[in-house]
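Peer 1: Encoded as structure tokens, here's the structure I'll be asking about.
The values are calculated or read from the model by the stated rules, or taken from the named source; none is laboratory data. This structure is a prediction, so every number in the text was calculated from the model and none was measured. Glycine gets a Cβ as well: all are built from the backbone with ideal geometry, and neighbour counts include every protein chain shown. Remember, those area values only see protein heavy atoms, side chains included, never the ligands or the DNA or RNA. Shrake-Rupley method; radii C 1.70, N 1.55, O 1.52, S 1.80 Å.
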Amino acid sequence: MAAVLSAEVKQALQDIYYNVRTGRGKEAFALLERASAAGDGDASCVLARCLCGYQYVWSGHGFPEDDERATELLHKSVEQGSALGVLVALRSGELTPSVQKKMPFESLRQAFEQVEALAREGDAFCQYVVGNSYFWWDFLRIQGKGKDSFPSHAEFKAYLKGEISKCEDWFWKAFRGGVHYAANNLNRYYTQGDEDIIAPQPEKAKDLWKIGAELGYPTHQFIYAEELKKAERFQEALHWYQESAAANNHDSWFYVGWLYSTGKGVEKDSARAVSCFQKELALDPDHMGGNNHMGKAYFLGEGVPQDYAKAVYHLTIAHDKLGSSWGAFYLAKCHFNGWGTPQDYGKALQCLNDVDWQNQEADYMRGFIHARGLGGVREDIPKGVSYLQKAGNFDKAKEELLNYKKTLFGKWVRRK
């Protein structure tokens, strides 16, 4: 690792971590790949983190997940002389004795001091890495210490408390500097403490997501909006969902649409709701909520012209592909009536089996299918009549019941 981060790594950190709203994540990824191939160990380290999934990099970048390549890059970063790579490999459990032998540092402490120097100069990613070294107790291996290094357990415990507590300031620096993940560890530090060494301080955690939202982090804007929605502060929730959606953060456009579709915190606007659902589906065609609500919109003609074929398309994705029962009733009606799809009582019944809430029309359709033996099921008039009776005053159910009568022996049969 050089005394300073390269221009390529600095730019990549800006676009990948510090300001995700630039929309240049993929360009930054390509920049890191070129720098890594040219021998930049810090680039190899950051690139490895980009391949480790949403726990390490914002999912909105759409980076591939590849643990095997990430491991190879971490090892490579150590060999290329990245002190940052050494600490990240240590934290990831990848700094094996054989890998450590390949680092061009006299000790882990020397590597740590290089990263700490950059952290003190203000680099937020380095601040986060240093904070992790204290938070996860990596300092023990870095400093070469253990309980046997102290004359008593009390002194060892005091040492641990002093070192672990250093993470708090580093995480705050990283959090305010552009690494929103630092708040996750701060939240854990405040709410859980650390064994019997650090006492929990939950009052310090209560505004973390609000602070992150105000700092412009899409992930925290979404989390804070969720908190506000749960508290039924819908108008405020809408604001933060919209801020998160502006960065195309996952789920955010859906919840903006949901608020407009329900009229919570804002005047109901079905057309605008549909527009938001469409934006969510443009980002993620398999979004369960987006497909369910678009299916419902097309089924009812709310915000869009009624189109049963499009309703079936979206509801089928949600139900058959994603396993959602939310729109099962609408999909059952389409198959039952042949709306937007060939009439198929078997598929209708499959959908009706997922309607596990009270619904008179669903009971009518169940009764109709079972009493007539449609869709591949055996005719079962008593079962069908039971469903039809359960449908109560639903007109079609009452009409269908007229086709059946009870014999003197109490058996339900079809009228001749």
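Peer 1: Hey, among 311, 297, 332, which residue is touching a residue at least 24 places away in the same chain (Cβ under 8 Å), closer than 19 Å to residue 259 by Cα, open to solvent by less than 50 Å² (accessible area, probe 1.4 Å) and over 20 Å from the mean Cα position of the chain (by Cα)? Even if it seems obvious, please write down each step before you answer.
Peer 2: Working: 311 fails: closer than 19 Å to residue 259 by Cα; 332 fails: closer than 19 Å to residue 259 by Cα.
Within the list 311, 297, 332, the selection yields 297.
Peer 1: So which helices (runs of 4 or more DSSP H) are wholly in segment 1-115 and hold at least 3 residues that are at pLDDT 95 or above and surrounded by 14 or more Cβ atoms within 10 Å (Cβ to Cβ)?
Peer 2: Numbers: elements: 7-13, 25-37, 41-50, 67-79, 83-91, 97-100.
The helices (runs of 4 or more DSSP H) meeting that bar are 7-13, 25-37, 41-50, 67-79, 83-91.
Peer 1: Condition first: surrounded by 15 or more Cβ atoms within 10 Å (Cβ to Cβ) and not aromatic (Phe, Trp, Tyr). Now tell me which residues in segment 383-416 satisfy that. Before you say what the answer is, go through the steps one by one.
Peer 2: Initial filter on segment 383-416 (surrounded by 15 or more Cβ atoms within 10 Å (Cβ to Cβ)): 383-388, 390-391, 394, 396-397, 400-401, 403-404, 412.
If the condition is that a residue be surrounded by 15 or more Cβ atoms within 10 Å (Cβ to Cβ) and not aromatic (Phe, Trp, Tyr), then 383, 384, 385, 386, 388, 390, 391, 396, 397, 400, 401, 403 are the ones that fit.
Peer 1: Can I ask one more? Before we move on, is residue 164 of a type outside the set (Asp, Glu), open to solvent by 10 Å² or more (accessible area, probe 1.4 Å) and within 17 Å of residue 91 (Cβ to Cβ)?
Peer 2: Values: of a type outside the set (Asp, Glu): yes; open to solvent by 10 Å² or more (accessible area, probe 1.4 Å): no; within 17 Å of residue 91 (Cβ to Cβ): yes.
Taking the combined requirement at face value, the residue does not satisfy it.
Peer 1: Follow-up. Report yes if some residue within segment 353-374 is touching a helix residue (DSSP H, G or I) at 6+ places or on another chain (Cβ under 9 Å), within 18 Å of residue 415 (Cα to Cα), crowded, with 17+ Cβ neighbours inside 10 Å and of a type in the set (Gly, Ala, Ser); otherwise report no.
Peer 2: yes
Peer 1: Still on this structure: Here is a check on your reading of the model: is residue 188 within 23 Å of residue 139 (Cα to Cα), outside any loop (DSSP other than H, G, I, E, B), among the basic types (Lys, Arg) and open to solvent by 60 Å² or more (accessible area, probe 1.4 Å)? Before the answer, list the steps.
Peer 2: Values: within 23 Å of residue 139 (Cα to Cα): yes; outside any loop (DSSP other than H, G, I, E, B): yes; among the basic types (Lys, Arg): yes; open to solvent by 60 Å² or more (accessible area, probe 1.4 Å): yes.
So residue 188 fits the description; yes.
Peer 1: So, one more: Could you figure out which of (1) charged (D, E, K, R); (2) in contact with a Lys or Arg (Cβ under 6 Å, 6 or more places away or on another chain); (3) under 28 Å from residue 143 (Cα atoms) isn't true of residue 15?
Peer 2: (3)
Peer 1: Quick test for you: out of 154, 174, 119, 158, pick the one residue that is on the phi < 0 side of the Ramachandran plot and within 29 Å of the chain's Cα centre (by Cα). Spell out the reasoning first.
Peer 2: Working: 154 fails: within 29 Å of the chain's Cα centre (by Cα); 119 fails: within 29 Å of the chain's Cα centre (by Cα); 158 fails: within 29 Å of the chain's Cα centre (by Cα).
Of 154, 174, 119, 158, the one residue that is on the phi < 0 side of the Ramachandran plot and within 29 Å of the chain's Cα centre (by Cα) is 174.
Peer 1: What residue, of 355, 312, is in contact with a Ser or Thr (Cβ under 6 Å, 6 or more places away or on another chain) and modelled with pLDDT of 95 or more?
Peer 2: Numbers: 355 fails: in contact with a Ser or Thr (Cβ under 6 Å, 6 or more places away or on another chain).
Sole residue among the options that is in contact with a Ser or Thr (Cβ under 6 Å, 6 or more places away or on another chain) and modelled with pLDDT of 95 or more: 312.
Peer 1: Please work out which one of (1) in contact with a helix residue (DSSP H, G or I) (Cβ under 7 Å, 6 or more places away or on another chain); (2) in a loop (DSSP other than H, G, I, E, B); (3) open to solvent by less than 50 Å² (accessible area, probe 1.4 Å) is the condition residue 302 fails and give its number.
Peer 2: Exception for residue 302: condition (3).
Peer 1: Here's a follow-up. Could you please find all residues in segment 14-59 being without any contact (Cβ under 8 Å) to a residue 60 or more places away in the chain, of a type outside the set (D, E, K, R) and closer than 16 Å to residue 81 by Cβ?
Peer 2: Within segment 14-59, 35, 36, 37, 38, 39, 41, 43, 44, 45, 47, 48 qualify.
Peer 1: Test residue 181 against the criterion of being within 21 Å of residue 23 (Cα to Cα), open to solvent by less than 40 Å² (accessible area, probe 1.4 Å) and hydroxyl-bearing (Ser, Thr, Tyr), and give yes or no.
Peer 2: Taking the combined requirement at face value, the residue satisfies it.
Peer 1: Do any helices (runs of 4 or more DSSP H) lying entirely in segment 197-298 carry at least 1 residues that are over 30 Å from residue 164 (Cβ atoms), and which ones are they?
Peer 2: Passing ranges, in order: 218-230, 234-246, 252-262, 270-283.
Peer 1: Anything in segment 116-142 that is among the β-branched types (Val, Ile, Thr) and over 21 Å from residue 160 (Cα atoms)? List them, or say none. Before the answer, list the steps.
Peer 2: First, pick out the residues of segment 116-142 that are among the β-branched types (Val, Ile, Thr): 129-130, 142.
Passing the criteria: none in range.
Peer 1: Ok, one more. Looking at residue 226, is it within 30 Å of residue 281 (Cα to Cα) and at pLDDT 95 or above? Walk me through how you get there before you give the answer.
Peer 2: Details: within 30 Å of residue 281 (Cα to Cα): yes; at pLDDT 95 or above: yes.
For residue 226, the condition - within 30 Å of residue 281 (Cα to Cα) and at pLDDT 95 or above - is met.
Peer 1: When segment 116-145 is examined, which residues are found to be more than 24 Å from residue 11 (Cα to Cα) and open to solvent by less than 20 Å² (accessible area, probe 1.4 Å)?
Peer 2: Residues of segment 116-145 that are more than 24 Å from residue 11 (Cα to Cα), as a first pass: 133-145.
Those that are more than 24 Å from residue 11 (Cα to Cα) and open to solvent by less than 20 Å² (accessible area, probe 1.4 Å): 133, 134, 135, 138, 139, 142.
Peer 1: Residue pairs, Cβ under 6 Å, 6 or more apart or interchain, first in segment 112-134 and more than 18 Å from residue 183 (Cβ to Cβ), second modelled with pLDDT under 95. List them.
Peer 2: Sorted first by the residue in segment 112-134, then by its partner, the pairs are 114/1.
Peer 1: Please name all residue pairs, on different chains or six or more residues apart, with Cβ atoms under 6 Å, provided the first residue is in segment 214-239 and is under 18 Å from residue 61 (Cβ atoms) and the second residue is open to solvent by less than 60 Å² (accessible area, probe 1.4 Å) and among the hydroxyl-bearing types (Ser, Thr, Tyr).
Peer 2: Every condition considered, the pairs that remain are 218/244; 221/244; 222/244; 222/252.
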